[in-house]
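Each remark here refers to the structure printed beneath this line.
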Amino acid sequence: MPNPERLDDSDRYNLMLSLTGFLVQEDEYEVSELAERFGVTSDEIVRAVKNIGFTDLANFQNPDRYVVDYDALEEGFVRISYNLENVVEDVPRLSSRQASALAAGLVYLSSLPGLAESEEILALQNILSTGDSRGNAPEVIVQPGSRDADLITIRQAIKIGKSIVCDYLNLKGEMRIGRVIEPLRIDLRGELIYLKGWCPENQDVRSFRVDRMRNAKLSDLPVSDSALNAVLDDEVYHPGETDTLVTIEVEPEAFSLMVDFRPVEEPVSVSEYVKSFKILVGDVRNLGRIISRFGGAARVVAPEEARSAVREFALKALGELPATAPEDAE
Amino acid sequence: MSESKSSPFKITKPERLFNLTCALLYTRNGLTKNEILRSVPGYENEYVDGGDNSSLERKFERDKSSLIHNGIQLEVTIPPHEDENNQVTVYSIKRESFYWPKNVEFTPRQMALLNLAADAWAGGSLSTAASRGITKLRAMGAVGEDSDIVGIAPRIQASEPSFRDLNNAISDHQVVSFMYRKPQTGEIQKRTLQPWLLRLVAGQWIVMGWDEDKQDTRNFMLRRIVSKVTSVKGVRPFDPPAQEQILKAVDDLDSLGAKQTAKIKVERDSEAWFKFELDLQGNGNSDEVTINYHDVYVLAEQLREYAGQIKVLKPDALIQVVRAGYERVANDHA
């Protein structure tokens, strides 16, 4: 969807082409109906319609153009008439970029078990490539990751508004049996799938990693009003008041850390290949595994307690210190 | 109400592009640049008869690329007896390349899937392209509604700055170059590529294409591209490869992943035990698991998180890469 607050020139041009492709001779549409359909504000619709009305082809062989009913527009309705010989009268094709973005999105969706059959995705991709102005094949291929049967249960629960009961492996590495979650939304984030759900125990929204979940079953408990009224955002982690501010340097091989952990301010370049950013961390001991993973492409610069947590993790891994897990990690 | 119309002297860029599109779509014999500048609103009001119109001409050049980026196939023809004289180059848009083929329709369910597919790019590298595409599709009638597609928020995460530049170069068949770091040696080399395809393999974005230096198909992991991706100047767009050539390259990479295996031993009931799904394997009592991989460095990253819970049994290369990574981290934080 275009960001309704920030249409640029190309978005507006694209909207004009799409609108004229949709509007049928002499039919009347409510401005608000068109705004909803195209995912833009009513003001943008009015602006586009006025611009279409001004399209002046008087200097060409065919002297007619779109005629906008401005009185209707004043009252919130769109009605235009036109000479069929002379106007955009049908929906324009997609550019290769537009088609390949949508095609890739579709394949990404197919990594969610039970959402769509691969034949269905393939059929849609074929339609997209016929609508690509160059008839190109999809240029981005996303290979679906691992599948998980528990997701089918979760999706069913969201659809009918019931809780689930499951076993969940927390960050301390303990399997909690029979945990109740009121499921709200499935978040696909890169290769990971999270369930955003209401935790009745903590009376709060939590993100659960589906790959740490086992034996999900539908329960009879309906999803509560507190859960349904909860605000869902895009964040997986919410900083707490006692969090530590940690400075991290990354090379391109570890830039993904800047997406996984929202930096508190814009990252800065420290040299040709290195960027530096700051994040808030609940328990610096968790940084050991996060930083060690990259084998040198990510470094903690400060504070010292975070650096030593990473050093200890790496040394333990090398067998130079005895291994212990953090005690109060969630 | 006519005062509420835009003044002819303040024609915005979207209006100008739209006027240009209509004009090129409905011209019978095509229009020359001068005819366009003299007559299409957005240009004609600034056109000086017999004067200097060079800034207007540059505006037209920019508008041409805007049209092309929006997926419009601009027909550029030079009458046969007039070659070399670009004053008589004639522009037009063919209707059959402009409009969707007739009889193409989407069901509400298909539209709901497409909406979600566009949503997956929210805030990501292709979000603009996806949202403009979906705007056009919404003009085709169907409103996306399907009770089965609720409560899902997908986000494709492509953090690599090179992603959009490569995607554009693929669409435009443009040869690109970039600096690439080899994981084996850490050595940085300039590579020149005809990019064909972007793929997400085992969580990693890969660009596949024809390596002009090696004269062979090659795969590059986007996160190992350490510079900006730039178009190679003064080179014609490359001829897109045959579909079979792309499929073969895809196959080659996939069969590499199917061929290479690693074996690890996992501590029972540890986090890694569940991560590698040993509880689901139904392989009796074994605490060993075999993993397929494309790239030993990517697998090493996945394994380093589980220090103390796993032991790599083979191959030796993996054992060494995992260990070298820990050593670098320990040194960096000493």
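The values are calculated or read from the model by the stated rules, or taken from the named source; none is laboratory data. Remember, predicted model here, so these are calculated numbers, not experimental data. Cβ atoms come from the backbone with ideal geometry, glycine included; neighbour counts cover every protein chain shown.
Observations
- Among (1) at the interface with chain B (Cβ under 10 Å from one of its Cβ atoms); (2) at pLDDT 85 or above; (3) within 16 Å of A:Asn215 (Cβ to Cβ) - the single one A:Asp148 does not satisfy: (2)
- Residue check: A:Val270 meets all listed conditions (1) surrounded by 15 or more Cβ atoms within 10 Å (Cβ to Cβ); (2) away from chain B (no Cβ under 11 Å); (3) of a type in the set (A, V, I, L, M, F, W, C) but one, namely (1).
- Among the candidates B:Ala112, B:Ala122, B:Ala118, residue that is closer than 29 Å to A:Val107 by Cβ and not in a helix (DSSP H, G or I): B:Ala122
- Subset of segment B:168-219 (residues that are within 29 Å of B:Ala300 (Cβ to Cβ) and small (Gly, Ala, Ser)): B:Ser177, B:Gly186, B:Ala202, B:Gly203, B:Gly209
- Per the listing B:Leu318, B:Leu313, B:Leu303, the residue uniquely under 17 Å from A:Ala297 (Cβ atoms), among the aliphatic types (A, V, I, L, M) and without any contact (Cβ under 8 Å) to a residue 60 or more places away in the chain is B:Leu303.
- A count restricted to segment B:25-41 and to residues that are touching a Leu at 6+ places or on another chain (Cβ under 7 Å) and either at pLDDT below 85 or under 23 Å from A:Asp8 (Cα atoms) (or both) stands at 1.
- Restricted to segment B:256-291, and to residues there that are surrounded by 14 or more Cβ atoms within 10 Å (Cβ to Cβ) and of a type in the set (S, T, N, Q), the residue that is farthest from the chain's Cα centre (by Cα) is B:Ser270.
- Near pairs, Cβ below 9 angstrom, 6+ apart or cross-chain, from segment A:13-25 (under 23 Å from B:Ile11 (Cα atoms)) to any residue that is assigned to a helix (DSSP H, G or I) and of a type in the set (Phe, Trp, Tyr): A:Tyr13/B:Phe18; A:Leu15/A:Phe38; A:Met16/B:Phe18; A:Leu17/B:Phe18; A:Ser18/A:Phe38; A:Leu19/A:Phe38; A:Thr20/B:Phe18
- Checking each residue in segment A:220-254 for being at pLDDT 90 or above and under 23 Å from the mean Cα position of the chain (by Cα) picks out A:Pro252, A:Glu253, A:Ala254.
- Residue within segment B:163-170 that is under 23 Å from B:Lys13 (Cα atoms) and within 11 Å of another protein chain (Cβ to nearest Cβ) present: yes
- Once segment A:63-89 is narrowed to residues that are at pLDDT 80 or above and among the acidic types (Asp, Glu), the residue that is farthest from B:Thr21 (Cα to Cα) is A:Glu75.
- Among the numbered conditions (1) facing chain A (nearest Cβ under 9 Å); (2) in contact with an Asp or Glu (Cβ under 7 Å, 6 or more places away or on another chain); (3) not β-branched (Val, Ile, Thr), the only one that B:Arg268 does not meet is (1).
- Residue in segment B:132-149 that is among the β-branched types (Val, Ile, Thr) and outside any loop (DSSP other than H, G, I, E, B) present: yes
- Lone qualifier among B:Pro237, B:Pro183 - being closer than 26 Å to A:Phe255 by Cα and not assigned by TED's automatic domain parsing to the domain that holds B:Asn292: B:Pro183
Yes/no matrix, rows are residues, columns are (1) closer than 22 Å to B:Tyr297 by Cβ; (2) surrounded by fewer than 18 Cβ atoms within 10 Å (Cβ to Cβ):
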{"site": "A:Phe255", "(1), (2)": "yes, no"}
{"site": "A:Val259", "(1), (2)": "yes, yes"}
{"site": "A:Glu266", "(1), (2)": "no, yes"}
{"site": "A:Phe277", "(1), (2)": "no, no"}
{"site": "A:Val281", "(1), (2)": "no, no"}
{"site": "A:Val284", "(1), (2)": "no, no"}
{"site": "A:Ser292", "(1), (2)": "yes, no"}
{"site": "A:Gly296", "(1), (2)": "yes, no"}
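- So B:Ile246, is it assigned by TED's automatic domain parsing to the domain that holds B:Gln204, in contact with a strand residue (DSSP E or B) (Cβ under 7 Å, 6 or more places away or on another chain) and either more than 12 Å from B:Trp196 (Cβ to Cβ) or surrounded by 14 or more Cβ atoms within 10 Å (Cβ to Cβ) (or both): yes
- Boolean, B:Gly71 is within 14 Å of chain A (Cβ to nearest Cβ), over 25 Å from the mean Cα position of the chain (by Cα) and surrounded by 19 or more Cβ atoms within 10 Å (Cβ to Cβ): no
- Candidate set: segment B:150-179, residues that are without any contact (Cβ under 8 Å) to a residue 24 or more places away in the chain and in a helix (DSSP H, G or I); chosen: the one farthest from the chain's Cα centre (by Cα): B:Ser171
- The listed residues are B:Gln302, B:Gln320, and the only one of them that is assigned to a helix (DSSP H, G or I), more than 10 Å from chain A (Cβ to nearest Cβ) and polar (S, T, N, Q) turns out to be B:Gln320.
- Residue count for segment A:262-287 satisfying the condition of being at pLDDT 90 or above and touching a Lys or Arg at 6+ places or on another chain (Cβ under 8 Å): 4.
- For beta carbons closer than 9 Å, sequence separation of 6+ or different chains, a first residue in segment A:272-296 that is on the phi > 0 side of the Ramachandran plot and a second that is part of a loop (DSSP other than H, G, I, E, B) and of a type outside the set (S, T, N, Q), the qualifying pairs are A:Gly296/A:Glu251.
- Residues located in segment B:128-154, provided they are crowded, with 20+ Cβ neighbours inside 10 Å and among the hydroxyl-bearing types (Ser, Thr, Tyr): B:Thr128, B:Ser131, B:Thr135
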